[in-house]
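One structure below.
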Amino acid sequence: MMKEGIPLRPDRFAYGVRRLIVHAAALLTLFVTLPAHAADRLVVAFGDSLMAGYQLKPGEGFAPRLEAALRKSGVAAHVHNAGVSGDTTAQGKARLGWVLGALKARPDLVIVELGANDMLRGLPNAQTRLNLDAILTDLKRRKVPVLIAGMRAAPNMGPAYTKEFNAIYPTLARKHGLPLYPFFMEGVAANRALLLKDGMHPNPRGVDVIVRGILPQVRKALAQ
């Protein structure tokens, strides 16, 4: 969800190299942040910069804060950060296979949070819906439990686009019979005290609000 990932006049080669570096770094973390104990539940936070911890210090992002909250609540779990800043639903769909393939165990839960960058770029809602549908279908085929973390369109996208975009997540949750956390940024969006200076990404306090909001559904999903 970061504007830096959408240059007005991109150098395609340089951009491609940057994305390869980001993806390589994400792949490396798969081997250095696996569960410390075999009994730990494995949760994969699969999303964009909102999950990746954009401009936050180590330990301040969504994955480590959610892991700490789960452990504090009595759930032994490791939350793997599979967020990549700038990812659209198409890019998420393209990397899902190697993310899962690099893990040494099948996840007990994947939290899917994608679509914000599609919306910011004004991509067709039909395309976003098809990409998310493909991600959910692939996870279902692999028998991986999923929690959908929904998004909402920015007000300046216009009423027609906003209505169509916002309907994507509940529609897919019903189609696939999956639990839905309606809005990943609930309680944080538009609250300057909980956002970085860009007004888009959560600061550490904002991450804590997100974690408190989604924690009950994560716990419920892991208990099933």
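The values are calculated or read from the model by the stated rules, or taken from the named source; none is laboratory data. A quick note: this is a predicted structure, and the numbers were derived from the prediction, not measured. Virtual Cβ from ideal backbone geometry, glycine too; neighbours counted across all protein chains shown. Remember, those area values only see protein heavy atoms, side chains included, never the ligands or the DNA or RNA. Shrake-Rupley method; radii C 1.70, N 1.55, O 1.52, S 1.80 Å.
Details
- Residues of the stretch 51-82 that are in a strand (DSSP E or B) and touching a residue at least 40 places away in the same chain (Cβ under 8 Å): A77, H78, H80, N81, A82.
- Meets criteria (in contact with a Ser or Thr (Cβ under 9 Å, 6 or more places away or on another chain), surrounded by 15 or more Cβ atoms within 10 Å (Cβ to Cβ) and part of a loop (DSSP other than H, G, I, E, B)) for R219: no
- In the stretch 88-107, residue least open to solvent (accessible area, probe 1.4 Å) [restricted to those that are touching a Lys or Arg at 6+ places or on another chain (Cβ under 8 Å) and assigned to a loop (DSSP other than H, G, I, E, B)]: T88
- Qualifying residue in the stretch 145-157 (condition: within 24 Å of A69 (Cα to Cα), modelled with pLDDT of 95 or more, assigned to a loop (DSSP other than H, G, I, E, B) and touching a Pro at 6+ places or on another chain (Cβ under 8 Å)): yes
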